[in-house]
Amino acid sequence: MAERPQNLIASVTPTSLQLSDDAGREAELPLPPDQFYLSVAPFVEATHECAFHSLTTCRGELRSREISVSVVDSSSGEVLEEGTRTTHDNGFVGFWLPRGITAELTCTLEDYTGTASISTQAEDDLTCLTSLQLT
């Protein structure tokens, strides 16, 4: 977090990475057409509302924590992600997922678990999931 520039804003939409700085310059880079980026900040006590992940300003509660994760395609039952991941120092863990799916995401930290339905189908689907409470 300390190394992130204060004058740069970077956010992820379902279709692109958008960059801007305090001088008003803007750039947009398309995401791969067959992949979707989802950033997840599981939490126990505190969260914030977000729809499109801000790489430079979003912060989650569980920073640098080891969690177990699984992402299972709701239609086929295929396991898309499974294993242990460590949240970044901003409290988020990111996933590159196939476009056009709905899935169940489960995160576990010690004795706390939470599950959320996710979608990569629409142009307004969330790229920042901050509502996954572990209970």
- Message: Going through 29, 80, 38 one at a time, which residue ends up being part of a strand (DSSP E or B) and under 13 Å from the mean Cα position of the chain (by Cα)?
- Response: 38
- Note on the structure: Taking the stretch 113-135 and keeping residues in a strand (DSSP E or B) and either basic (Lys, Arg) or farther than 14 Å from residue 70 by Cα (or both) leaves 119, 128, 129, 133
- Query: Name the pairs whose Cβ atoms lie under 9 Å apart, with the first residue in the stretch 28-56 and free of Cβ contacts under 8 Å to residues at least 24 places away in the same chain, the second surrounded by 15 or more Cβ atoms within 10 Å (Cβ to Cβ) and among the aliphatic types (A, V, I, L, M), and 6 or more positions between them or separate chains?
  - Reply: 28/17; 28/19; 29/17; 29/19; 30/17; 31/12; 31/17
- Message: Tell me the residue from 74, 54, 68, 64 that is modelled with pLDDT of 95 or more and either among the charged types (D, E, K, R) or closer than 24 Å to residue 15 by Cα (or both), please.
- Response: 74
- Mind checking which pairs have a first residue in the stretch 12-24 that is in contact (Cβ under 8 Å) with a residue 24 or more places away in the chain and within 23 Å of residue 96 (Cα to Cα) and a second that is surrounded by 15 or more Cβ atoms within 10 Å (Cβ to Cβ) and of a type in the set (Asp, Glu), Cβ under 8 Å, 6 or more apart or different chains? 14/125
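The values are calculated or read from the model by the stated rules, or taken from the named source; none is laboratory data. In this text, all values refer to a predicted model and were calculated from it rather than measured experimentally. Every residue, glycine among them, receives a Cβ derived from its backbone with ideal geometry; neighbour counts consider all protein chains shown.
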